[in-house]
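Visitor: Would you mind keeping the following structure in view while I ask a few things?
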Amino acid sequence: MPAVELILLQRVEHLGQMGEIVKVKPGYARNCLLPQQKAIRASKTNRERFEQQRAQLEAQNIKRREEAERVAERIGGLTVTVIRQAGESGALYGSVSARDVAEATTDAGLSVTRDQVVLAHPIKTLGLSQVRVALHPEVSIPITVNVARSPEEAERQARGERVGEAADEEEDDEQPELDPETLFEPGAEQPEI
């Protein structure tokens, strides 16, 4: 299928800046960019209308970006805790998705939608993970997601302690190795192995 020409109404990551005319696949235009009002079709009348409204759109964009920057400064370094069931190895029985991160972030005081949470892949293990939240197409903040089995375990992870199978292995490593010669008296008969 031939590509569709669109005029971007805002910055779209990996695609272009506001006002650029881009060519995209029809499905991407029809299912994502047009319904979310991130772009309009690049017809002659739409180009003329965009040029007339360009200054107004840029002013609105700058205002929204400044608001997002103020929120980013205020909320910087946010850590949220998500409680999930997990096995002994630290693997979750389910996963933590963008929706879960958005709910935890909203509970922590920053209202975001799941569309704003940029998660490369679902979180499937216990521990601390970095997630990016896009407050504006040009402003994003990192959020630390603490996935634990209980609030007590989350506190230990936040302090930097290792939890789960890795912590058990460390405890085993800390026990001193016993020398067989010190276990038996010299000259005594040693048992057969």
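The values are calculated or read from the model by the stated rules, or taken from the named source; none is laboratory data. This one's a predicted model, so the numbers in the text were calculated from it and none came from an experiment. Ideal geometry is used to build each Cβ from the backbone, glycine not excepted, and the neighbour counts take in all protein chains shown.
Visitor: So which residues in the stretch 24-72 are surrounded by 15 or more Cβ atoms within 10 Å (Cβ to Cβ), β-branched (Val, Ile, Thr) and in a helix (DSSP H, G or I)?
Guide: VAL71
Visitor: Among residues belonging to the stretch 5-16 that are within 23 Å of the chain's Cα centre (by Cα) and assigned to a loop (DSSP other than H, G, I, E, B), point out the one that is modelled with the highest pLDDT.
Guide: Going residue by residue through the stretch 5-16, those that are within 23 Å of the chain's Cα centre (by Cα) are 10-16.
When the remaining residues are screened for being assigned to a loop (DSSP other than H, G, I, E, B), the result is 10-11, 13-15.
Working: GLN10: 89, ARG11: 89, GLU13: 86, HIS14: 88, LEU15: 92.
Out of the qualifying residues, it is LEU15.
Visitor: Among the residues of the stretch 78-106, write down those that are without any contact (Cβ under 8 Å) to a residue 60 or more places away in the chain and either farther than 30 Å from GLN37 by Cβ or outside the structural domain of ALA148 (by TED's automatic domain parsing) (or both). I'd like the intermediate steps shown before the answer.
Guide: So in the stretch 78-106, the residues without any contact (Cβ under 8 Å) to a residue 60 or more places away in the chain come out as 87, 91-106.
Within the stretch 78-106, GLY87, ALA91, LEU92, TYR93, GLY94, SER95 meet the criteria.
Visitor: How do the strands (runs of 3 or more DSSP E) wholly within the stretch 109-149 filter down when requiring 3 or more residues that are surrounded by 18 or more Cβ atoms within 10 Å (Cβ to Cβ): which remain? Full working, then the answer.
Guide: Values: elements: 123-125, 127-136, 139-148.
Passing ranges, in order: 127-136, 139-148.
Visitor: While we're on this one: Can you pull out every residue in the stretch 143-162 that is within 20 Å of the chain's Cα centre (by Cα) and in contact (Cβ under 8 Å) with a residue 40 or more places away in the chain?
Guide: ILE143, THR144, VAL145, ASN146, VAL147, ALA148, ARG149, ALA154, ALA158
Visitor: Has the stretch 85-96 got any residue that is within 28 Å of LEU6 (Cβ to Cβ) and out of contact with any Asp or Glu (no Cβ under 8 Å at 6 or more places or on another chain)? Spell out the reasoning first.
Guide: Taking the stretch 85-96 as the starting set, the residues that turn out to be within 28 Å of LEU6 (Cβ to Cβ) are none.
No, the stretch 85-96 contains no residue that is within 28 Å of LEU6 (Cβ to Cβ) and out of contact with any Asp or Glu (no Cβ under 8 Å at 6 or more places or on another chain).
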